[in-house]
Amino acid sequence: MAKKNTTLPANLAAAQVEFTRWRAERKVGDRIPGPLWALAVKLAGRYGLHRVSKALKLDYYGLKKRLEAPPAEHSTASPAFVELLPGSPGSAGRCTIECETTHGERIRIHLQGEELSELRSFCSELWSSLR
């Protein structure tokens with residue numbers, strides 16, 4: 001009997017590593033983050049549902065449902081630039097900024113009124129701390 005070739009394509013093997021890493025770091029009950037689902041959907045479109053669900057240890061029917069969903073539901077597009085327009089002088093504006101990592105970690109920042117004037121310096125400090 002001939003042995004099947006079980007070597008995975010490089011991008012599917014890399015996704016397998018990403019899913020394994022996420023599973024090792026997640027908290028019980030955490031859902032798979034959107035970017036990982038988007039990656040799985042993309043790979044399923046290329047290599048097939050069965051192969052990808054098996055390699056990434058995903059529910060076949062859950063992956064199938066996401067693959068068949070309209071493209072907007074599993075889009076990974078994110079803005080490369082966001083423009084914040086200043087409000088009129090004296091207005092009490094509000095702003096909420098939400099960010100999420102590929103591992104599902106989230107941060108939400110709420111600013112209101114006078115705090116908005118500090119947004120530029122806050123972003124500069126945050127950006128420099130990430131470098």
Checklist entry - Within the set of pairs 6+ apart or on separate chains, which have a first residue in segment 9-31 that is under 16 Å from V52 (Cα atoms), a second that is part of a loop (DSSP other than H, G, I, E, B) and aliphatic (A, V, I, L, M), and C-beta atoms under 7 Å apart? => result A15/L56; Q16/L8; Q16/L56; F19/L56
Checklist entry - Could you say which residue among S121, S75 is at pLDDT below 70 and farther than 27 Å from T7 by Cα? => result S75
Checklist outcome for this item: Picked from segment 22-40 (must be exposed (fewer than 14 other Cβ atoms within 10 Å of the Cβ) and in a helix (DSSP H, G or I)), the residue farthest from the chain's Cα centre (by Cα) is A24
Item to check | First in segment 41-70 and among the basic types (K, R) and surrounded by 12 or more Cβ atoms within 10 Å (Cβ to Cβ), second anywhere and part of a helix (DSSP H, G or I) and modelled with pLDDT under 95, Cβ under 7 Å, 6 or more apart | outcome: K64/L49; R66/W37; R66/V41; R66/H74
Item to check | Of all residues making up segment 93-118, the number that are hydrophobic (A, V, I, L, M, F, W, C) and modelled with pLDDT under 70 | outcome: 1
Next on the checklist: With the structure loaded, tell me whether E18 is at pLDDT below 90 and either assigned by TED's automatic domain parsing to the domain that holds E118 or assigned to a helix (DSSP H, G or I) (or both) or whether it fails that test.
Outcome noted: no
Checklist entry - Within segment 41-72, can you find the residues that are in a loop (DSSP other than H, G, I, E, B) and within 16 Å of V17 (Cβ to Cβ)? => result L56, K57, L58
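The values are calculated or read from the model by the stated rules, or taken from the named source; none is laboratory data. Owing to the predicted nature of the structure, the values given are computational and were not obtained by experimental measurement. Note that we place each Cβ from the backbone using ideal geometry, even for glycine, and neighbour counts take in every protein chain shown.
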